[in-house]
Amino acid sequence: MSTQDINVRQKPAVAATGGNTETLLATKALTKNFGGLTAVDSVDFSVTEGEIRCLIGPNGAGKSTLLELITGQLSPSEGDIYFDGEDLTGMETHNRIDTGLSVKFQSPHVYENLTVEENLQVPLQRTDRDTETVLAETLERIDLTEKADVRASELSHGEKQRLEIGMAVTLDPTLMLLDEPVAGMSVDETADVAELIRSLHDDGMTFLVVEHDMEFVRRISDQVTVLNQGEIFRQGPIEEIEADEAVRRIYLGENA
Ligand SMILES: Nc1ncnc2c1ncn2[C@@H]1O[C@H](COP(=O)(O)OP(=O)(O)OP(=O)(O)O)[C@@H](O)[C@H]1O
């Protein structure tokens, strides 16, 4: 891992270069059975370098299962996962993180008794990045510089979520996986996280985001994948997805 400034990434965003279409993550016929239930059903899914891809779908569609297969918390029943040209299938979660994959789960996984800065130091122990520089930049980026010495237990829900995104950011991942990053947040907190994601994206980070909050999806993503009953139901720009009657019936009808 390099000690580069986190604001100066080696791989520029698609937005900045205007046309990189390299596939970063790909699943091939990925399947997960839980007994008689097929939660993820032969899914061919890909994320292109430089994009913010949102994964939506009704409750029980298989979104979290797909994410957990990608992170390695679950093993597939069948199929393969490729990331940055490497076959991840069968690789342990911590080794996947070393390939440039980082994840932030739905509920904050911060260390309540540690300060904000100490929390950010935990993932940095895995790397040879310049701790002082990365800490200062990450604190500023997640807008918690003023609270660097405050215990995580004292933070609001939104601040904890930003801190956990910050912990993932310290690893300078190529692909960030976020599971419902704005669940339970106020409108203002949601806007802050949207801004944080967009700014990380502008610096070249690729995102795969599972989210129910359609206003948030509209703010951050161009391309959306709709999962239904373990299968890809639709993929396309957010405007098309929102205008699609069949999608509205299976999903947006609940939230529109
Ligand atoms: N460990 C498990 N054991 C058995 N069944 C499971 C397990 N995990 C998930 N499932 C089932 O797999 C299906 C897909 O669940 P999953 O949590 O992936 O859906 P989701 O799209 O993330 O839903 P939500 O939006 O409610 O979080 C559901 O029917 C769920 O009950």
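The values are calculated or read from the model by the stated rules, or taken from the named source; none is laboratory data. Because the structure is predicted, anything quoted here is derived from the model rather than measured. Every residue, glycine as well, gets a Cβ built from its backbone with ideal geometry; the counts of neighbours run over all protein chains shown.
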*Could you check, for segment 114-131, whether at least one of its residues is within 16 Å of the ligand (Cβ to nearest atom) and either surrounded by fewer than 18 Cβ atoms within 10 Å (Cβ to Cβ) or under 28 Å from MET214 (Cβ atoms) (or both)?*
no
*Applying the selection to segment 195-224, what residues are within 16 Å of the ligand (Cβ to nearest atom) and more than 14 Å from the chain's Cα centre (by Cα)?*
ASP213, MET214
*Residues (more than 18 Å from ARG53 (Cα to Cα) and among the charged types (D, E, K, R)) located in segment 167-196*: ASP172, ASP188, GLU189, ASP192
*Name every residue in segment 110-150 that is closer than 23 Å to ILE70 by Cα and at pLDDT below 85, in order of residue number.*
ARG126, THR127
_For segment 35-58, give me each residue that is in contact with a helix residue (DSSP H, G or I) (Cβ under 8 Å, 6 or more places away or on another chain) and within 20 Å of GLY72 (Cβ to Cβ)._
ALA39, VAL40, VAL43, PHE45, LEU55
*Go through segment 135-188 and count every residue that is among the hydrophobic types (A, V, I, L, M, F, W, C), more than 16 Å from the ligand (Cβ to nearest atom) and closer than 17 Å to LEU200 by Cβ.*
13
_Close pairs (6 angstrom Cβ cut-off, 6 or more residues apart or separate chains): more than 18 Å from GLY90 (Cα to Cα) in segment 28-54, charged (D, E, K, R) and within 12 Å of the ligand (Cβ to nearest atom) anywhere_ = ALA39/LYS32; ASP41/GLU231; CYS54/GLU211
